[in-house]
Amino acid sequence: RREQKRAIAALAARLVEPGSRLFVDAGSTTLEFVFCIRDIPNLVVVTTSLAVAAALQYTDSIETILLGGKLQRGRPDLGGGFTEDMLDLFSADFAFQGTDGIDLEGYVHNANVESARVSQKMRQKAERSYILADSSKIGQTALIRFGNLKDGCGLITDNDIEPQHLQTFRELLKVDVKIASVLPATNSE
């Protein structure tokens, strides 16, 4: 679902203004997002993701702060109590986050306990938060619920979202849902 993730990332990047302070967590869609913001001047990106930090390491216009912590086994991400304590030092204009699933009640899920705790804290310390999730993650769950979209968190997804899910999020939960358009693939023979 790479095209969907790229479209979501591009739409999210349009929300970022020069001089913004951002929390960006780990994930394939958030990694696509940082590629989209590299030309926006005077940004500060605070992240726990080794991949995000590596993608930004040669970008002159972005100050990148990689939070310390415990390297999570099998994940290019840092977490744990030390990471959470470091987050207390920062505030941000936006948090842009990935997820392993969003259930139909609006709960956002993560498969990793430490990542979920860090993501939850990022959302609490940011003025605005957006979950970047392709439509295949809607209706899915994982081990940990780390918040609910109705608690002031927006969703940026692609135009393959089921109409009834979109209606639930927008009308019943009052979620700010932004839809990234992805053109259907064409056969060129």
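The values are calculated or read from the model by the stated rules, or taken from the named source; none is laboratory data. No experiment lies behind these values; they were computed from the predicted model shown. Glycine also receives a Cβ, built like all others from the backbone with ideal geometry; neighbour counts cover every protein chain displayed. The area values use the complete protein model at the heavy-atom level, side chains included, leaving out ligands, DNA and RNA. Shrake-Rupley method; radii C 1.70, N 1.55, O 1.52, S 1.80 Å.
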Quiz item: If you go through the stretch 136-146 one residue at a time, do you hit one that is open to solvent by less than 60 Å² (accessible area, probe 1.4 Å), within 28 Å of S91 (Cα to Cα) and more than 14 Å from the chain's Cα centre (by Cα)?
Solution: yes
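Quick grid of which residues meet (1) touching an Asp or Glu at 6+ places or on another chain (Cβ under 9 Å); (2) within 20 Å of G147 (Cβ to Cβ):
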residue	(1), (2)
R2	yes, no
V16	yes, no
E32	no, no
A53	no, no
D60	no, no
D77	yes, yes
T83	yes, yes
D88	no, yes
D93	yes, yes
Practice problem: Restrict the check to the stretch 28-43 and report whether at least one residue is among the small types (G, A, S) and surrounded by 16 or more Cβ atoms within 10 Å (Cβ to Cβ). | Solution: no
Quiz item: What number of residues in the stretch 49-78 are more than 17 Å from C36 (Cβ to Cβ), within 16 Å of the chain's Cα centre (by Cα) and crowded, with 19+ Cβ neighbours inside 10 Å?
Solution: 2
Quiz item: Quick check: is even one residue across the stretch 20-35 more than 16 Å from the chain's Cα centre (by Cα), farther than 25 Å from S136 by Cα and modelled with pLDDT of 95 or more?
Solution: no
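Might you let me know whether the stretch 23-40 holds any residue that is without any contact (Cβ under 8 Å) to a residue 60 or more places away in the chain and polar (S, T, N, Q)?
We begin by selecting, within the stretch 23-40, every residue without any contact (Cβ under 8 Å) to a residue 60 or more places away in the chain; these are 31-32, 34-40.
Among the residues that remain, those that are also polar (S, T, N, Q) are: none.
No.
Kindly indicate whether D25 is under 13 Å from A95 (Cβ atoms) and of a type in the set (D, E).
Numbers: under 13 Å from A95 (Cβ atoms): yes; of a type in the set (D, E): yes.
The answer is yes for D25.
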Quiz item: Restricting the stretch 98-109 to residues that are more than 19 Å from A9 (Cβ to Cβ) and part of a loop (DSSP other than H, G, I, E, B), which is most open to solvent (accessible area, probe 1.4 Å)?
Solution: E105
Exercise. Select from the stretch 170-189 the residues that are at pLDDT 85 or above, assigned to a loop (DSSP other than H, G, I, E, B) and open to solvent by 100 Å² or more (accessible area, probe 1.4 Å) and list them in ascending order.
Key: K174
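For the structure I just gave you, tell me whether S129 is touching a strand residue (DSSP E or B) at 6+ places or on another chain (Cβ under 7 Å) and closer than 14 Å to D25 by Cα. Lay out the reasoning, then the answer.
Working: touching a strand residue (DSSP E or B) at 6+ places or on another chain (Cβ under 7 Å): yes; closer than 14 Å to D25 by Cα: yes.
Yes, satisfied.
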Quiz prompt | Residue list for the stretch 110-133, filter: over 21 Å from E171 (Cα atoms) and assigned to a strand (DSSP E or B) | solution = N110, A126, E127
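Residue by residue through the stretch 6-15, note down the ones that are touching a residue at least 24 places away in the same chain (Cβ under 8 Å) and either open to solvent by 40 Å² or more (accessible area, probe 1.4 Å) or over 13 Å from the mean Cα position of the chain (by Cα) (or both). If you could, list the steps in order and put the result at the bottom.
First, the residues of the stretch 6-15 that are touching a residue at least 24 places away in the same chain (Cβ under 8 Å): 6-13, 15.
Correct list: R6, A7, A10, L15.
Just checking, does the stretch 84-97 include any residue being open to solvent by 40 Å² or more (accessible area, probe 1.4 Å), assigned to a strand (DSSP E or B) and modelled with pLDDT of 90 or more? Walk me through it before giving the result.
Step one: of the stretch 84-97, the residues open to solvent by 40 Å² or more (accessible area, probe 1.4 Å) are 85-86, 88-91.
Checking the rest, the ones that are also assigned to a strand (DSSP E or B) come to none.
Among the residues of the stretch 84-97, not one is open to solvent by 40 Å² or more (accessible area, probe 1.4 Å), assigned to a strand (DSSP E or B) and modelled with pLDDT of 90 or more, which makes the answer no.
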